[in-house]
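These notes concern the structure reproduced below.
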Amino acid sequence: MVREIITYPTPPSVEFAVDVRVFDESIVTLIEDMKDTMRENKLDGLSAFQIGNYYNVIVIKGSDGSYTELINPRILNKNGTITTTETTAYFPGLSAKLTRYDKISIIYQDKDGKDKSLKTEGQESVLIQRKIDYTHGATFVQKMTEDEKEKFEKQLEFGSDVAIPESCPTTFNRDKILQMISIIMVAMLILIVGSLFVDDVTKLSTMWEYQLYTSLIVLCLNFIYFFYAQYEGKLYSACSSCQIGNIVGTTAISLFRLFVIMLISYLLVYPS
């Protein structure tokens, strides 16, 4: 029978798995249910913990499609390390990089209660270690470094496995557009000051035309900034609450400054 897999944010139903002492029909039924659940969800491994059962039972699927039941598993030896990208059914759609032991030796019992041992390495070793984590009431989050946990918590927040920056950038490409706008506005202010020393109507007319054309350029740059900033902001989900909210305000302030400069230009530069 296919059983429901517990997923985040539902808390696990047990804290620590209980070793199997009686190998009766209920254990056989549990194992068959786990296999059915693995086939239905296309999983390579499953702990009884993940379907709300309190027994210390793990089932893994081999590369040849066969299933191995690990009852009351214990890790005896572990050597080397390996860093891989792991996924787990408890956090559907999410993944994380973790460093685990590359080679492990374990002892366990099969469904008939016979003692067994197993030496494994690589991906199978990682899989078994992750399933044993569940028997201790843990997920792979407890195996992460502080930096890895911080990054994974952001993935949980946004429900996405997309790359999320470690921190919100302090500078953006859109800032270059603002710098260009500022430089042009300073030039417009310099022209206004210069017009105070010009009495020639023809020169004033030329200066006014310059202000008009320049103001159109600044206006266009503001529109480019606004739409590009929206696009760039979507690339940094972690900054949605701090940087992206300033885009509209920054554009409005820039347009207001342009309005003030053009009003002063009309009063002082426009030939009357």
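The values are calculated or read from the model by the stated rules, or taken from the named source; none is laboratory data. Bear in mind the structure is a predicted one, so any value in this text is a computation, not a measurement. Note that we place each Cβ from the backbone using ideal geometry, even for glycine, and neighbour counts take in every protein chain shown.
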Return the pairs, sorted by first residue and then second, in which the second residue is surrounded by 22 or more Cβ atoms within 10 Å (Cβ to Cβ) and among the small types (G, A, S), the first residue lies in the range 123-145 and is not assigned by TED's automatic domain parsing to the domain that holds V57, the beta carbons are less than 8 Å apart, and the residues are 6+ apart or on different chains.
none
Test result for G249, touching a helix residue (DSSP H, G or I) at 6+ places or on another chain (Cβ under 6 Å) and at pLDDT below 90:
no
State whether the residues of the range 52-75 include one that is part of a loop (DSSP other than H, G, I, E, B), among the aliphatic types (A, V, I, L, M) and either closer than 14 Å to Y108 by Cβ or touching a Lys or Arg at 6+ places or on another chain (Cβ under 7 Å) (or both).
no
I need the full set of residues from the range 36-63 which are of a type outside the set (A, V, I, L, M, F, W, C), on the phi < 0 side of the Ramachandran plot, surrounded by fewer than 21 Cβ atoms within 10 Å (Cβ to Cβ) and under 26 Å from the mean Cα position of the chain (by Cα), in order please.
N41, D44
Those residues that are surrounded by 16 or more Cβ atoms within 10 Å (Cβ to Cβ) and either over 26 Å from R39 (Cα atoms) or of a type in the set (S, T, N, Q) (or both), I need them from the range 88-99; list them, please.
T88
Using the structure shown, decide if V28 is touching a strand residue (DSSP E or B) at 6+ places or on another chain (Cβ under 7 Å) and either assigned to a helix (DSSP H, G or I) or surrounded by 17 or more Cβ atoms within 10 Å (Cβ to Cβ) (or both).
no
Checking I106 against (1) in contact (Cβ under 8 Å) with a residue 60 or more places away in the chain; (2) over 23 Å from the mean Cα position of the chain (by Cα), which single condition isn't satisfied?
(1)
Please determine whether any residue of the range 2-20 is in contact with a Ser or Thr (Cβ under 8 Å, 6 or more places away or on another chain), outside the structural domain of F152 (by TED's automatic domain parsing) and free of Cβ contacts under 8 Å to residues at least 40 places away in the same chain.
yes
Using the structure shown, decide if G93 is in contact (Cβ under 8 Å) with a residue 60 or more places away in the chain, part of a loop (DSSP other than H, G, I, E, B), among the small types (G, A, S) and touching a Phe, Trp or Tyr at 6+ places or on another chain (Cβ under 8 Å).
no
Residue list for the range 1-40, restricted to those being basic (K, R) and in contact with a helix residue (DSSP H, G or I) (Cβ under 6 Å, 6 or more places away or on another chain):
R3
When you go through (1) part of a helix (DSSP H, G or I); (2) of a type in the set (D, E, K, R); (3) touching a helix residue (DSSP H, G or I) at 6+ places or on another chain (Cβ under 6 Å) one by one for R100, which number turns out not to apply?
(1)
